[in-house]
1. Can you tell me which lysines have their Cα less than 20 Å from the Cα of Lys139? Leave out same-chain residues fewer than eight positions away.
2. Given a Förster distance of 25 Å, report the FRET efficiency between Thr83 and Leu320 from their Cβ-Cβ distance, rounded to the nearest 0.05.
3. What list of ³J(HN,Hα) couplings, whole Hz, do you get for region 134-148 from phi and the Karplus terms 6.51, -1.76, 1.60, once you set θ to phi - 60° and write x for glycine and proline?
4. List the residues whose amide H sits under 5 Å from the amide H of Glu446, counting only those 5 or more places along or on another chain, with H placed 1.01 Å from N in the peptide plane.
5. Between Glu288 and Ser241, what is the FRET efficiency for a Förster distance of 30 Å, r being their Cβ-Cβ separation, to the nearest 0.05?
6. Counting pairs of alpha carbon atoms under 8 Å apart in space and at least six apart in sequence, what relative contact order in percent does region 97-230 give?
7. By how many nm would the segment from Arg158 to Leu358 lengthen if fully extended, with 0.36 nm per residue of separation less the alpha-carbon distance?
8. Label Glu369 and Gln391 with points 7 Å out from Cα along Cα→Cβ: what is the distance between them in nm?
Amino acid sequence: MSGPESATGAPLEPGASGPNDQRGTWWAQSGLVARIAVSAFVVGVGLALVFAVLFVAIGGLRNRSLEARHSQQVIAKAYEVETLVIDLETGLRGFFITKREEDLRPWRTAQRRYPAAITDLFALTRDNADQYRRAREIKQAIDTYIETFGVPLVGYVRRNPATARRIVTAGSGTLQVNGIRDRFTRFLRTETARGGTLDKRARTTARHALVVGGIGLGAALLLILLGAVYVSRAVARPVRSAADAAGRIASGDFSDRLRTDGPGEVGRLERTFNTMAASLERTLADLEERNRTLVDSERAKSELVSNVSHELRTPLASVLGFSALMLDRQLPPDEMRRYLEVIRTEARRLAELLNDLLDLERIEQGTLELRLDAVDLNDLLAAQITLYSAQSGAHQLHLDPADDPLVVYGDRDRLAQVIGNLLSNAIKYSPDGGDVTVNASLVGDEAWIWVRDEGLGIPFDHQEQIFTKFFRGDVGRERGISGTGLGLVLARQIVEAHGGHIGFESEEGAGSTFWLQLPAAAGDRSLTAHDDPEARYGV
């Protein structure tokens, strides 16, 4: 076998260098920046080829996704127009019932927004002749409702307010709205089916794109891995000691220093690091002092924040968290519906808290209005028992009504709010289930109600605070029992506004009995023609 030859074909002298040896010498003498630049160029070329293939796959997926998205936009816009129809009806009904112009605001707002919304719906359905025709039919029905029912009746009610109730009970507007909503139902059913077909096509394209993407991603990862291995050997090893020292600094050891004999940029990094560590060590005492000041300030802030912020924070966190998930991720419909249910539940909880706070504020300012009427407590209790019996399968609710009609003169809704709060507490604070018994009786000229449970009871040292705002006790927090601490406060205020009293008897671990006493209606206070059920009295 012959030895190596020169470019002219003559044998090389022993120890002579060829062209490859010269390239090796250049690579060995090059700096870190040049080496990284060459490696990055090679990796970049490979990645460019990979991404060119990916872009083709993504382009096809994008087209399919846009088609499916367009269908979702049609559905969303149809729901928006349907909501405006509901607002039209709601505004009319509110105005017919109250005769107040401010209650007509939903009608006016919906009228103002309707033309732009229906125009958008036409634009979205213009590529689909059948859906465009249905959209035109919907517009015709809505215009007919507005022009032949809504607008004339608003003017009529303004001129003849006494006949508004008869107009509302006639139901002609409701029939028109129901017809419009039926058209929306057919429109949405068709668009949903079309959207399902488009979604299926998009998923098929997505699967193909995923296969191509997976292959491309594997190739990209391989190129990146090769580049990372090289960079690690050429750069990471000299700075690893600096990273370890930085970790010790981060853990609080400011006395660590690096050797300063590293090459080039690494040596400058080591010297700068040592300067930083010395500066941090000098300022450590100042930072600790400032930290103590911040801790004291935070403690004062925590004491300032009341129980209201605590009650608002939990549902707000759920609403924000689940809404963020829905915005940031593409979720399947069933999971999105579950998240929306959580958001609605927490929003309802916020609304209940705010309503309780508003009621409490009205009571304390003496502006709570009661709609007084003759109320049979036996009927009221039976309705509340039926309502709350459906909320827990582990509890048995029993009613022992008064022998005769137990009539009081008061606000039925507010009294139902009191009874509902007592029943809800009896169920919530009996987490293991059991019987909840409600008794009613006429004692002299007073109507009495007792609500007994077999639950956790109230510790003796908490009983004096049970009607205090936002007080829930340790038992509710430890057991995870929801509540705002306002229900019993409102119940007491409402009962006292009716001229009655409320109280309780309880033993920890043996259940509780809450009672309330209200003045019974006199014989001439029962429902008669001279009573005005619409009368309102400030409390």
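1. Within the straight-line cut-off, Lys139 pairs with Lys77.
2. Working from the Cβ atoms, E equals 0.60.
3. Working through the residues one at a time gives 5, 5, 5, 5, 4, 4, 4, 5, 5, 4, 4, 4, 5, 7, 9 Hz.
4. Residues meeting the criterion, in which the H sits 1.01 Å from N, are Ala520.
5. 0.60
6. 26
7. Using 0.36 nm per residue and subtracting the Cα-Cα distance, I get 68.8 nm.
8. 2.7
The values are calculated or read from the model by the stated rules, or taken from the named source; none is laboratory data. Nothing here was measured: the structure is a model prediction, and the numbers come from that model. Heads up, the Cβs are rebuilt from the backbone with ideal geometry, glycines too, and the neighbour counts pull from every protein chain shown. Just so you know, the surface numbers come from the protein's heavy atoms only, side chains and all, with ligands and any DNA or RNA stripped out. Shrake-Rupley method; radii C 1.70, N 1.55, O 1.52, S 1.80 Å.
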